[in-house]
Structure formats: C-alpha cells, structure tokens
Amino acid sequence: MDFSYSEEQQMLQDSIAKFVQNDYDFDTRMKLVKSDTGYGEDNWKLFAELGWLMVPFSEADGGLGGSAADLMVVMEEFGKGIVIEPFLATTVLGGGLVAAAGNDNQKAELIGGIMEGGLQMAFAYAEPQSRYNLADVATTAKKDGDNYVLSGHKAVVLNGGAADVIAVSARTSGDQMDEEGISLFLVDAKSDGVRIKSYRTQDGSRAAEVHLENVSVPADKLLGEEGKALPVINQVINRAILSICAEAVGAMEMSYKKTVEYTKTRVQFGVPIAKFQALQHRMADMFVEHQQAKSIVLMAAMKLDQGGAEADKAVSAMKSRIGKAGRRIGQESIQIHGGIGVTEELDVGHYFKRLTMIELLFGTGDFHTQRFAQL
C-alpha cells in the first residue's frame with residue numbers, strides 16, 4: 001500500500017511549511033498570543049486566500065475534498081509552528097457540524113462564510129459536569145411557538161470569545177444522560193441572554209465559558225433533525241481528535257529536532273552533550289515515539305475516510321497512543337534542555353504545553369483506552 005502523499009497533498013504541505021518557516025516564527029506567535037484577539041486576523045485572511053479553509057469541506061460543499069488525510073496534512077504542519085489561529089474550532093468543529101447536518105441554506109451561508117474567511121464559529125458541547133461524555137447534556141431547549149428557548153452553561157468553548165455563530169448542543173427531550181433527545185442549534189453570539197467569558201488557556205489559545213439564559217433561537221436555526229444529534233456530534237468530534245493528534249505529531253517532531261540541535265551546542269566537561277551515550281539513547285527513543293505516533297495517525301485517517309464501525313476504535317487507539325508519545329517526548333525535551341526548557345523565552349516549553357493540552361482535549365489517553373476496550 002502506498003502511504004506517500006499525493007501531488008496535491010504535497011503542494012499543500014509545502015505551502016503551509018513555507019508559511020510557518022517564513023512568517024510564523026516563535027516571537028511572532030507570542031505577540032499574537034498576547035494580542036486582544038488571540039490570533040492573527042491577517043493570517044486568517046491569508047488562510048482563506050490560499051484555500052486552506054476549504055480543505056475540510058467536500059467538493060459538493062464548495063471545498064477541496066474534505067478527506068481526513070488532507071486534514072492530517074494541514075494540522076501536522078500547523079503543529080510544527082504551534083499555530084494558534086482557530087482552524088480547529090471554526091472549520092473542523094463548527095464547519096464540520098454544518099457540513100454533516102446542515103440544510104442547503106445553512107451550508108451556503110455558513111460554510112461559504114468560513115471558506116471566505118469572514119465567519120468565525122465555535123462548538124459549545126462540553127458542560128461543567130459532563131467531562132468527556134458527549135451524551136451528558138443538561139442545557140435545555142424548549143419549543144416556544146416558532147422558536148426554541150435555550151438555557152444552560154457550556155464550558156471550555158474553543159474560540160468562543162471570537163465566534164460570530166456558536167453551535168450549541170441542547171436537550172429537547174429525555175433525561176440528562178440519554179443518548180436520544182439531543183439537538184443542535186446555531187446561536188448568534190450577540191443574541192440577548194448570551195454571556196461569554198473568554199480567557200487564555202495554558203497553551204496560549206483561547207476558550208470561553210458560555211452562559212445561555214432564556215436565549216430565543218428561531219426554529220430554522222435547528223441544525224439537523226431534532227433529538228438525533230449525538231451521532232453527528234460523535235462524527236465531528238472524531239475528526240477533531242484526528243486533527244489535534246496530527247497537530248501533536250508536528251509538535252513532537254519539532255520538539256525532538258530542537259532537542260537534538262541543542263545537544264550539539266550545549267557543552268559539558270569540554271564536549272557537546274550530544275556525545276553522551278545516555279542522551280543519545282533518550283533522543284533515539286524520542287524519534288521512535290514520533291514515528292509510531294505518525295503511523296497511528298495515518299492509520300486513523302484512513303479508517304475515518306473509509307467509514308464504518310472501525311472508525312471509533314481507530315480514533316480511540318490513536319488518541320491513547322498520542323497521549324503517551326506526547327508526554328514522553330515533551331518531558332524528555334524539557335529535561336534534556338534543563339532549566340531553560342521551562343522558560344517563557346524558549347519555544348520547547350510551549351510545545352510541551354500544547355502537547356499537554358492536546359492530551360486533555362476530547363478525552364485523555366486513559367479515557368480512550370477504556371473506550372477502545374468497550375467498542
């Protein structure tokens with residue numbers, strides 16, 4: 001079987017790699033992290049101009065294909081630069097929900113706006129009590145004439161502070177833990193009753209707490225079939241997990257390469273520490289961890305593109321493996337660098353922060369190991 005990239009994928013990879021290398025150095029990223037928006041608006045416009053925002057969407061929706069393998073190419077390169085622009089939140093999560101469940105009008109309006117770079121989205125699904133259970137939804141949506149009235153609290157909403165439209169999961173029927181009865185709604189972030197508290201996370205990206213207090217949403221903002229949203233949510237979260245795991249592979253590669261380069265310049269006892277056999281063994285182990293991680297992400301991407309019952313198992317196997325590899329490579333890179341590795345001025349520590357956050361997003365390695373065993 002041929003695992004090499006197609007000509008189009010290679011061109012996409014080269015394009016993003018060139019951007020990261022020439023226009024997204026560490027100092028530039030840190031300025032964006034500390035800015036009011038938390039990301040580069042000019043960069044986002046550039047992503048749209050270069051067609052990168054079209055990658056997650058099918059040709060039928062006006063995109064470039066929408067395969068998981070294509071998404072893997074993009075996110076791996078973003079991981080190498082620890083890119084903080086909200087590609088995951090807007091195109092993969094928000095746009096993914098619209099692509100999977102939206103009607104023609106919703107797709108034309110929202111997906112078109114995303115690909116043009118003029119629309120920011122977020123997906124509010126997690127709640128303070130739900131942890132990683134997608135079916136644990138306490139937020140309610142009650143029918144009121146031609147509208148639905150939403151009330152509840154959504155936690156750690158990625159890109160929630162910058163989003164124009166927030167896709168919200170809410171319960172239209174059933175009990176809090178029921179798999180049936182969950183619906184999706186497209187909520188204008190400026191609607192009456194919507195309170196958003198944005199904050200910076202440990203890795204420099206942005207999230208928000210979203211409170212909904214009797215928010216009136218027109219019935220035509222229902223996304224998909226009422227009460228049948230959980231399979232769609234699971235499908236989109238699977239693609240989001242693939243995305244962050246591919247991003248982790250890129251971050252791991254840069255972590256171990258920067259560590260190898262550092263050992264060639266750091267001198268102890270009159271010689272570069274790269275000559276110490278014990279460190280050579282540790283860096284070789286980092287390389288092996290990275291290669292294994294990349295292989296399992298590629299496997300999961302192929303399973304997702306094929307569809308079927310094996311997709312969920314492949315995603316959980318990948319997330320479990322990525323969590324272990326990211327922790328091993330991140331910790332080794334910090335330890336080999338020594339105290340300087342945890343300073344704000346050195347990028348190695350920031351790669352480790354991002355790898356740590358990826359381990360926690362959409363379920364820890366332990367959670368997905370258990371999920372894999374149950375599937």
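How about the range 288-375: which GluC sites (Glu not before Pro) there are in a DSSP loop, with at most 16 other Cβ atoms within 10 Å of their Cβ? When the GluC sites (Glu not before Pro) of the range 288-375 are filtered for loop state and at most 16 Cβ neighbours within 10 Å, Glu344, Glu345 remain. Shown for the range 260-372: the carbon plus sulfur share of the solvent-accessible area, taken with all protein chains present and a 1.4 angstrom probe, equals 57%. Rolling a 1.4 Å probe across the protein heavy atoms gives the range 325-371 an accessible surface of 43 Å² per residue.
Per residue, the average separation of C-alpha pairs within less than 8 Å and at least 6 apart gives the range 135-186 a relative contact order of 40 percent. Here the extension length gained between Leu360 and Val288 equals 23.6 nm, from 0.36 nm per residue of separation less the Cα-Cα distance.
Only aspartates and glutamates eight or more places from Lys275 in sequence, or on another chain, were considered; those with a Cα closer than 19 Å are Glu261, Asp285, Glu332. Measuring against 32 Å, Cα to Cα, the residue pairs Lys45/Lys228; Lys45/Lys221; Lys143/Lys190; Lys107/Lys313; Lys34/Lys257; Lys154/Lys324 contain Lys45/Lys228 as the ones spanning a longer distance. Database remark: amide H of Tyr148 closer than 5 angstrom to the amide H of Val217, Ala219 (H placed geometrically; neighbours at sequence offset of 5 or more, or on other chains; Pro and chain starts carry no H).
Applied to the range 53-66, the Karplus parametrisation 6.51 cos²θ - 1.76 cosθ + 1.60 on θ = phi - 60° returns per-residue 3J(HN,Hα) values of 6, 8, 4, x, 9, 6, 5, 4, 9, x, x, 9, x, x Hz, with x for Gly and Pro.
Per residue of the range 160-175, in order, report the coupling 6.51 cos²θ - 1.76 cosθ + 1.60 (Karplus, θ = phi - 60°) as ³J(HN,Hα) in whole Hz, putting x for Gly and Pro. Per-residue couplings from phi come out as x, x, 9, 6, 7, 10, 10, 7, 10, 8, 8, 8, 9, 6, x, 8 Hz. Qualifying trypsin sites (Lys or Arg not before Pro) in the range 157-248, where qualification requires a DSSP coil assignment and no more than 11 other C-beta atoms within 10 Å, comprise Lys190. May I ask for the angle, rounded to the nearest 10°, between helix 277-306 and the longest principal axis of the chain, with both axes built from Cα atoms and the value confined to 0 to 90°? For 277-306 against the chain, the angle is about 30 degrees. Let me know the shape class of the range 1-102, please: from the alpha-carbon gyration tensor, a ≥ b ≥ c as square roots of the eigenvalues, rounded when a/c is under 1.5, otherwise prolate if a/b is greater than b/c, or oblate. The shape class here is oblate. Given (1) 87, 41, 33; (2) 79, 43, 41; (3) 96, 42, 36 as candidate values of Cα extents along the principal axes in Å, which corresponds to the one derived from the coordinates? For Cα extents along the principal axes in Å, the calculated option is (2). What the range 101-185 shows is 41 Å² of accessible area per residue, with the surface traced by a 1.4 Å probe over protein heavy atoms.
Measure off, as a whole percent, the carbon and sulfur share of the 1.4 Å-probe accessible area of the range 12-170, all protein chains present. Summing carbon and sulfur atoms, their accessible area is 46 percent of the total for the range 12-170. The HN-Hα couplings worked out from phi for the range 17-30 by the Karplus form 6.51 cos²θ - 1.76 cosθ + 1.60 (θ = phi - 60°) are 4, 5, 4, 4, 5, 8, 10, 9, 6, 4, 5, 4, 4, 5 Hz, whole numbers, x standing for Gly and Pro. Most mobile of Asn22, Asn214, Asn43 per a Gaussian network model of the chain (Cα springs, under 10 Å)? With Cα springs under 10 Å in the chain, the top fluctuation among Asn22, Asn214, Asn43 is at Asn22. Filter the trypsin sites (Lys or Arg not before Pro) in the range 14-93 down to the DSSP loop ones having no more than 13 other Cβ atoms within 10 Å, then list what survives. Filter output for the range 14-93: Lys34.
The values are calculated or read from the model by the stated rules, or taken from the named source; none is laboratory data. Note that the structure is predicted; figures quoted are calculated from it, not measured. Here Cβ is always computed from backbone atoms with ideal geometry, including for glycine, and neighbour counts include all displayed protein chains. Please note that ligands, DNA and RNA were not included when accessible areas were found on the heavy atoms of the full protein model with its side chains. Shrake-Rupley method; radii C 1.70, N 1.55, O 1.52, S 1.80 Å.
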